[in-house]
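Student: Below are the structure tokens for one structure; questions will follow.
The values are calculated or read from the model by the stated rules, or taken from the named source; none is laboratory data. Worth saying up front: this structure is predicted, and the values here are computed from it rather than measured. Here the Cβ positions follow ideal geometry from the backbone for every residue, glycine too, while neighbour counts run over all protein chains shown. In case anyone asks, the SASA skips ligands and DNA or RNA and just uses the protein heavy atoms, side chains included. Shrake-Rupley method; radii C 1.70, N 1.55, O 1.52, S 1.80 Å.
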Amino acid sequence: MFHIAVRCSASRTIYNKPRLAHLASSVSQPANTTPNAKNTSVPSSCPKDTVLTGLSWLKGQAPVVALADEEYPPWLWTVLEPRKYTEEEMQPGNAGYKAQMRKERKAKIRLSNFMKTQ
């Protein structure tokens, strides 16, 4: 399982977020929200101007700092949402159908491998 880890040096906390869309659905929802409700304002894990350690690409580069939530592109907050396929894409032979079959095959293989260990 791969995670994206963001460390805020102000709070000394590491926030792990699942990188894969199907893992995002397994993350528990807060009690006051429903899974179908769209959240228009998703706060980032770090406040503005927090130094993000470990994100510099070059030696001697200025430290990378977090921006305000409004300064990031809107698509960034939807990266972890699962892809929604249209009815046409779910027809046999199309991308949605193939993705669904791949997901079912993987689940069947995992179950089979688990049953072999019992």
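Student: Just grab the label-to-label distance for residue 52 and residue 95, each label 7 Å out from Cα along the Cβ direction, in nm (one decimal).
Tutor: Taking the two extended label points, one gets 2.6 nm.
Student: What residues qualify as long-range amide H neighbours of residue 50, i.e. H under 5 Å apart, gap of 5 or more or another chain, H built at 1.01 Å from N?
Tutor: Here the answer is 66, since their amide H atoms fall under 5 Å of that of residue 50.
Student: Continuing with this model, one more query. Residue 65 versus residue 112, label points 7 Å from Cα toward the beta carbon: distance in nm?
Tutor: Calculated label separation equals 5.5 nm.
Student: Once the whole set of protein chains is in place, how much accessible area is left on residue 115, using a 1.4 Å probe, in Å² to the nearest 10?
Tutor: Probe radius 1.4 Å; accessible area of residue 115 about 110 Å².
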